[in-house]
Amino acid sequence: MRENPNEKKREHFASQFGLVMAAVGSAVGLGNVWRFSYITGINGGGAFLVIYIVCVLLVGVPVLISELTIGRKSGFSSVAAFKTLAPGSFWWLVGALEVFASTLIISYYPVVAGWTLGYVLESLTDWSFVTADPAATFAAFSSGWKAFVAAAAALLCSMLIVLGGVTSGIEKWSSLLMPALGVILLALLARSLSLPGAFEGLSFLLQPDFSKLGVRSVLDALGHTFYSLSLGMGIMITYASYMKKDVDLALAAVSIITLDTLVALLAGLAIFPTVFALGFDPAQGVGLAFVTLPAAFAKIPAGWLFSALFFLLLFIAALTSLISLLQVPIAFLEDSAGLSRTKAALVVCTVATVLGVPAVLSFGPMADVTFLGYTWFNLLDTLANVVLMPLAGFLGIMFIIFRFGVDASLAEFLTGAKKQDNLLARIYSPAIRWIAPVAMSLILLHTLSR
Ligand code: PFF
């Protein structure tokens, strides 16, 4: 194995709490708020939840562990990590795929992050305008100049945090922002559950309806597990490369999956009772967040305040995910091309801007311009999430099985663990050898056959 010449200089997360907050910050994103609860609702509520938790345990956990061990063992970010653990081979291409995927996502994620930021301000300053016609307001906002400014502001905020470094930037801000997100979530939850008629929303989310379960539900659960834990993008590899050897990876993995799932559930409980209590139809994605919810908030006293809080929550979720994404290509340029952090950030910013401007325009002047039938925004999103992420995830598992070795990965996982014989360690070998490859092939086949 190649020695890591940067080992002495390489920054490390200062505390277990800080690194867990950074990783949870990445995992908790827009998907937790507007996707998880919706797919849970349409797939039979509580029944789906059980399937999701099984998927997290049997597929999410092993892939998460494999990424954490690749990063920490090598002490390098994505591409260099594969080169270090498998010198003289082509496995580094898996890392290259991850860097490519994360760069694509960086160019359109700020667009949505920008909308959330814009809506915090709109709720505070222009509430009557938003509520007069939420659908028209959203169309105007996302196609106008404000969307540009907001996307640029979101990218700039996250870039400044990443430029602060791993400990004083990413760790410090994640440790501040994630607890803040928790507090906001609890406030929204209390408001939502205290609305008369909230019960219907609760039952949409939680009541088990086995008749709605099908093959599709399992695929939905698998796909969401992967997306929700930010796997297949080199994020966990990169973050783990800044973890010290005495970090308990088992504890870190348990915290990440528990908090990610908990936030998704609580967000569902904060949203759906509000939607149902006020007589709206649940929707998925953009429609739910930017149109249905403002309309629902308009009906409650001090709705502007709850709206501002909700979009602040979304902005924090998006910002901490964006930070983790930025760190992937930046660390790649530092580790593999020897660039300074500032130069690397400049390169990434330039690429993100060139690819990102048409992504903003996809909701305005370029709405009718399509590439392979997709708008530019949807093309980037589909390419990254539907093709590159599952492919990199699958190849990452192959790397563990055929090159790094399941036992070597497990040994790294247990280095620093307080309890050597823990549940995750026991699940790991069979799950990564047998279950995860089958599950990832299913995700790939399913998404590619769409
Ligand atoms: N894990 C995030 C979520 O559940 O919303 C999504 C995400 C984060 C996707 C970071 C992609 C990414 F690079």
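The values are calculated or read from the model by the stated rules, or taken from the named source; none is laboratory data. Just so you know, these numbers come straight off a predicted model, no measurement behind them. In this analysis, Cβ positions are derived from the backbone assuming ideal geometry, glycine residues included, and neighbour counts consider all displayed protein chains.
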Consider only pairs whose beta carbons are under 8 Å apart and that are at least six residues apart or on different chains; among these, list those whose first residue lies in region 277-302 and is on the phi > 0 side of the Ramachandran plot and whose second residue is in a loop (DSSP other than H, G, I, E, B) and buried (at least 17 other Cβ atoms within 10 Å of the Cβ). 285/35
Inside region 271-375, counting only helices (runs of 4 or more DSSP H) that do not spill past its ends, which hold 2 or more residues that are of a type in the set (Ser, Thr, Tyr) and within 20 Å of the chain's Cα centre (by Cα)? 303-337
For region 234-252, the count of residues that are within 15 Å of the ligand (Cβ to nearest atom) and closer than 13 Å to residue 21 by Cα equals 2
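Yes/no per residue for (1) more than 16 Å from the ligand (Cβ to nearest atom); (2) closer than 14 Å to residue 317 by Cβ; (3) touching a residue at least 12 places away in the same chain (Cβ under 8 Å); (4) not basic (Lys, Arg):
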site: 16; (1), (2), (3), (4): yes, no, yes, yes
site: 19; (1), (2), (3), (4): yes, no, yes, yes
site: 22; (1), (2), (3), (4): no, yes, yes, yes
site: 26; (1), (2), (3), (4): no, yes, yes, yes
site: 34; (1), (2), (3), (4): no, yes, yes, yes
site: 41; (1), (2), (3), (4): yes, no, yes, yes
site: 48; (1), (2), (3), (4): yes, no, yes, yes
site: 56; (1), (2), (3), (4): no, no, yes, yes
Can you pull out every residue in region 420-450 that is at pLDDT 90 or above, within 22 Å of the chain's Cα centre (by Cα) and surrounded by fewer than 17 Cβ atoms within 10 Å (Cβ to Cβ)? 441
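Here is a yes/no grid of residues against (1) modelled with pLDDT of 95 or more; (2) crowded, with 24+ Cβ neighbours inside 10 Å:
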| site | (1), (2) |
| --- | --- |
| 18 | yes, no |
| 22 | yes, yes |
| 30 | no, no |
| 46 | no, no |
| 50 | no, no |
| 79 | yes, yes |
| 83 | yes, no |
| 87 | yes, no |
| 91 | yes, no |
Residue within region 307-316 that is at pLDDT 95 or above and among the small types (Gly, Ala, Ser) present: yes
So is residue 393 more than 26 Å from residue 69 (Cβ to Cβ), touching a Gly at 6+ places or on another chain (Cβ under 8 Å) and surrounded by 13 or more Cβ atoms within 10 Å (Cβ to Cβ) or not? no
Can you spot a residue in region 99-111 that is of a type outside the set (Ser, Thr, Tyr), within 16 Å of the ligand (Cβ to nearest atom), touching a Ser or Thr at 6+ places or on another chain (Cβ under 6 Å) and modelled with pLDDT under 95? no
Filter result for residue 174 (touching a helix residue (DSSP H, G or I) at 6+ places or on another chain (Cβ under 8 Å) and either at pLDDT 95 or above or surrounded by fewer than 19 Cβ atoms within 10 Å (Cβ to Cβ) (or both)): yes
